[in-house]
1. Given a 1.4 angstrom probe, I'd like the percentage of the accessible area of the chain that is carbon and sulfur, rounded to a whole number.
2. Taking only protein heavy atoms into account and a 1.4 Å probe, give the accessible area per residue of the range 11-104 in Å².
3. Mind putting a number on the dipole of the chain about its Cα centre? Charges go on the C-beta only, +1 for Lys and Arg and -1 for Asp and Glu, and I need it in Debye to the nearest 20.
4. Multiplying the sequence separation of residue 102 and residue 59 by 0.36 nm and subtracting their Cα-Cα distance, what value in nm do you get?
5. Does anyone have the angle between helix 10-39 and the longest principal axis of the chain? Alpha-carbon axes, 0 to 90°, nearest 10?
6. When DSSP beta bridges are limited to those with both residues in the chain, what percentage is antiparallel, rounded to the nearest 5?
7. Suppose the chain between residue 18 and residue 46 were pulled fully straight at 0.36 nm per residue; how much longer would it get relative to their current alpha carbon spacing?
8. Based on the Cα gyration tensor of the range 1-62, what are the three equivalent ellipsoid semi-axes, each the root of five times an eigenvalue, rounded to whole Å and given largest first?
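The values are calculated or read from the model by the stated rules, or taken from the named source; none is laboratory data. Small disclaimer: the values here were computed from a predicted structure and weren't measured. Reconstructed Cβ throughout: ideal geometry from the backbone, glycine too, with neighbour counts over all protein chains shown. Ligands, DNA and RNA are stripped out before the accessible areas are found, and what is left, the full protein with its side chains, is counted by its heavy atoms. Shrake-Rupley method; radii C 1.70, N 1.55, O 1.52, S 1.80 Å.
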Amino acid sequence: MDVAFDFSDIDSFFEEGVKDVISAEETIGQEAVDYAIAHGNYKNNTGLLRRSNKFKADKGGLTLYNDAESKGTQYAALVESKGYDVISGAALYAEKRLKEEFEQ
């Protein structure tokens, strides 16, 4: 007995799922950047570090980063190495939110 199945709509189903995941990552990425701005425990003299907190959401996942440089040095990493929270707290926040969103 032969059974015929029509899977012509499966690609669009998976594409829609990927779009939904990326959309959730973008929402959480923005929340994490906002968290970093609100909770950074360093003196904000120029505003450079807070303005430089960013995120990227794609099929590979959510990436948080700070693109501030000072004289060729990754400024955020330097500040964090002195015990201040520039973006690491936001990364922990994002991890928690992603687990809440996707591990239901």
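1. Working: 3890 of 7440 Å².
The computed percentage sits at 52.
2. Details: 6220 Å² over 94 residues.
Result: 66 Å² per residue.
3. Values: 12 positive and 20 negative charges, 246 e Å.
In debye, rounded to 20, the chain gives about 1180.
4. Details: separation 43, 0.36 × 43 = 15.48 nm, distance 1.44 nm.
Roughly 14.0 nm would be gained on extension.
5. With rounding to tens, the tilt is 20 degrees.
6. Values: 8 of 8 bridges.
Looking only at bridges with both residues in the chain, the antiparallel portion is about 100 percent.
7. Values: separation 28, 0.36 × 28 = 10.08 nm, distance 3.84 nm.
Between residue 18 and residue 46, full extension yields 6.2 nm more.
8. Working: eigenvalues 385, 13, 9 Å².
Each semi-axis is the square root of five times an eigenvalue, giving 44, 8, 7 Å.
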